[in-house]
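J.: Would you mind keeping the following structure in view while I ask a few things?
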């Protein structure tokens, strides 16, 4: 249920983000991490803020031969800057090779520090680490370390 709501939310934000809004800049950025000992660097990273939900969504994906992997990070707005924080509405999803891994802040699986946020220029940056669990097999997990992102974001209703 949560996954369906989030995917709908992200699809709506990214579609809305591509439509006309008050921010004429196309969101762009970067996201990198070490996932299970392997380096991940997103080829495309986008951000969107929903003023009605008061959430920032960051989506990053990497298309490689025979494999597409992606990160999705949901952060409550406005997060504290330069200190780790926990929130019931903050989580991370990593998808690779058809398997989805989730990490929830409130369960202690996701650690996040926002290093900067610019609400006028619509930019956000931060660091993260997580222990993400397979969404269908909790005993299968991935260690995510050295996570770092920096992206602009669109502002949506």
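J.: If you go through the stretch 75-97 one residue at a time, do you hit one that is in a loop (DSSP other than H, G, I, E, B) and modelled with pLDDT of 95 or more?
T.: Kept after step one, since they are in a loop (DSSP other than H, G, I, E, B), are these residues of the stretch 75-97: 77-80, 82-83, 86-90, 97.
Checking the rest, the ones that are also modelled with pLDDT of 95 or more come to 82.
Yes; the residues of the stretch 75-97 include at least one that is in a loop (DSSP other than H, G, I, E, B) and modelled with pLDDT of 95 or more.
Table: residues versus (1) closer than 22 Å to residue 38 by Cα; (2) part of a strand (DSSP E or B); (3) in contact with a helix residue (DSSP H, G or I) (Cβ under 9 Å, 6 or more places away or on another chain).
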| position | (1), (2), (3) |
| --- | --- |
| 117 | no, yes, no |
| 124 | no, yes, no |
| 137 | yes, no, no |
| 150 | yes, yes, no |
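J.: Restricting to the stretch 126-135, what's the tally of residues that are farther than 21 Å from residue 57 by Cβ and part of a loop (DSSP other than H, G, I, E, B)? I'd like the intermediate steps shown before the answer.
T.: Within the stretch 126-135, the first condition is being farther than 21 Å from residue 57 by Cβ, and the residues that meet it are 131, 134.
Filter again for part of a loop (DSSP other than H, G, I, E, B), leaving none.
Residues meeting the conditions: 0.
J.: Scan the stretch 64-86 and give yes if some residue there is within 12 Å of the chain's Cα centre (by Cα) and surrounded by fewer than 16 Cβ atoms within 10 Å (Cβ to Cβ), otherwise no. Spell out how you get there, then give the answer.
T.: Filtering the stretch 64-86 down to residues within 12 Å of the chain's Cα centre (by Cα) leaves 70-76.
Applying the additional criterion that residues be surrounded by fewer than 16 Cβ atoms within 10 Å (Cβ to Cβ) yields 76.
Yes - at least one qualifying residue is present in the stretch 64-86.
The values are calculated or read from the model by the stated rules, or taken from the named source; none is laboratory data. Quantities reported herein were computed from a predicted structural model and do not represent experimental measurements. Backbone-built Cβ (ideal geometry, glycine too); neighbour counts: all protein chains shown.
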